[in-house]
Amino acid sequence: MSLPTSLESTVAALLASGTGILAADESLPTIGKRFAALKIPSTEENRRGYREMLFTAPGLGASISGVILFDETMRQKTAGGASLPEVLAEHKIIPGIKVDSGTMALPGFAGEKITSGLDGLRERLGAYRELGARFTKWRAVISIGEQLPTAGALAANAHALALFAALSQEAGLVPIVEPEVLMDGSHSLARCEEIMTTTLKTVFATLIEQRVALETMLLKTGMVLPGHDCAEQAGMDEVAEATLRCLRRTVPAAVPGIVFLSGGQKDVAATERLNAICRKGGVPWSLSFSFGRALQDTALKTWEGLPANAASAQAALLHRAQCNALAVLGKYSADAENATA
């Protein structure tokens with residue numbers, strides 16, 4: 001596969017019907033924790049072997065249009081000597097790259113965070129494109145609390161997201177703008193919708209102010225959900241209606257696509273809710289997914305760091321990807337879930 005050469009062609013390829021994005025951009029501490037839970041040593045070779053196993057799953061490109069990589073993974077090679085971005089391209093999958101440096105406490109704003117990584121970003125973006133990347137991702141983290149988020153924290157994170165997006169487009173890379181409203185806490189569905197609405201309004205006002213071309217970016221956002229500790233959880237239809245209502249009120253029609261993050265949901269639950277949202281339709285954007293753990297969890301537990309388990313782990317990944325691809329079309333079902341991968 002020859003990689004797309006323009007922002008428009010990259011967007012079109014990432015939003016190909018019945019496909020989504022695999023987020024395999026876990027930082028070293030994050031993947032270290034996931035490996036430790038399964039007693040897998042988090043060595044560079046094990047991380048490389050795991051990502052190679054995922055990326056070479058036969059037929060993955062039928063349901064996965066792009067993969068978000070971590071800096072280490074972007075530079076790694078397979079046992080056969082091919083770079084991992086090259087492997088993805090051979091499987092008709094577009095390589096992307098997480099370019100933020102993670103979150104830190106926002107000075108003066110107790111309990112809130114800002115994402116770092118703008119220093120030197122222009123130069124890094126040029127290097128990533130040379131390595132094969134065609135899109136980027138930057139994640140901001142928004143917490144819900146009694147007095148949170150504050151307007152100051154929203155403005156700071158929106159500004160960082162907008163600068164990242166503008167720099168990405170300047171470098172010929174499609175930015176995926178990710179303001180993640182966390183599910184942590186006991187807030188209600190209505191409270192989540194309120195905060196997500198305010199967050200997205202702030203982000204898009206800042207993107208426009210920063211002269212980001214909305215037509216060549218993607219939004220990555222969570223679904224509107226009650227907090228993990230909320231006593232009253234919401235049904236799938238409630239989640240779908242609240243999510244679509246929020247997006248219709250905040251996301252300009254010029255944005256070509258919205259990819260949902262799983263945000264800590266269990267894998268099957270994330271697929272079911274994605275299906276409920278996409279089945280309702282009636283929106284001006286393409287809807288899809290950009291899942292990390294909700295795509296990888298079963299595959300990682302099946303793999304266990306053992307090469308002998310690679311084929312079974314790949315089958316688990318393909319099954320989860322295929323279920324989510326059906327959900328994008330609103331055609332996911334219990335029969336599809338129970339089908340042999």
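In this Cβ point-charge picture (+1 for Lys and Arg, -1 for Asp and Glu), region 189-312 has a dipole of about 320 debye about its Cα centre. The separation of region 205-228 from region 1-74, counted between C-alpha centres, amounts to 22 Å. Computed about the Cα centre, the dipole magnitude for the chain is approximately 360 debye when only Lys and Arg (+1) and Asp and Glu (-1) carry charge, each at its Cβ. Distance from the alpha carbon centroid of region 167-204 to that of region 128-164 works out to 8 angstrom. Taken as Cα centroids, region 234-266 and region 297-333 sit 24 Å apart, rounded to the nearest whole angstrom.
Pairs from the table (Lys98/Lys301; Lys77/Lys98; Lys33/Lys201; Lys220/Lys280; Lys92/Lys201; Lys39/Lys92) lying more than 29 angstrom apart at Cα are Lys33/Lys201; Lys92/Lys201; Lys39/Lys92.
Selection among Gly49, Thr298, Ile93 by position relative to the dipole of the chain gives Ile93 as farthest towards the positive end (Cβ unit charges, Cα centre).
If you count the DSSP beta bridges with both ends in region 7-338, what percent of them are antiparallel, to the nearest 5? Roughly 10 percent of the beta bridges in region 7-338 run antiparallel, per DSSP.
Near the amide H of Glu178, within less than 5 Å, lie the amide hydrogens of Trp138, Ala140, Lys220, all on another chain or at least 5 residues away, with H placed in the peptide plane.
Ranking His319, Ser9, Ile195 by how far each Cα lies toward the positive end of the dipole of the chain (charges on Cβ) leaves Ser9 at the top.
Could you work out the relative contact order of the chain? I mean the mean sequence separation of Cα pairs under 8 Å and 6+ apart, divided by the number of residues, in percent.
Once normalised by length, the contact order is 17 percent.
Using Cα-Cα distances under 8 Å and only pairs 6 or more residues apart, what relative contact order does region 118-241 have, in percent? For region 118-241, the relative contact order is 30 percent. Of the DSSP H helices in the chain, those that are both long (alpha-carbon extent of 18 Å or more along the helix axis) and hydrophobic (Kyte-Doolittle mean at least -0.5) are 151-170, 189-209, 236-250, 267-280, 310-328. Residues whose amide H falls under 5 Å from that of Ser286, counting only those 5 or more places apart or on a different chain, are Gly257, Ile258, with hydrogens built in the peptide plane.
Counted by Cβ distance under 12 Å from Ser6, the other residues give a net charge of -1, where Lys and Arg count +1 and Asp and Glu count -1.
A simple charge model with +1 on the Cβ of Lys and Arg, -1 on the Cβ of Asp and Glu and nothing else charged puts the dipole of region 39-172 at about 240 debye relative to its Cα centre.
Every number in this text was worked out from the coordinates using simple rules, so none of it is lab data. Note that the structure is a prediction, hence the values are computed from the model and not measured. Quick reminder, even Gly has a Cβ in these numbers, built from the backbone with ideal geometry, and neighbours come from all protein chains shown.
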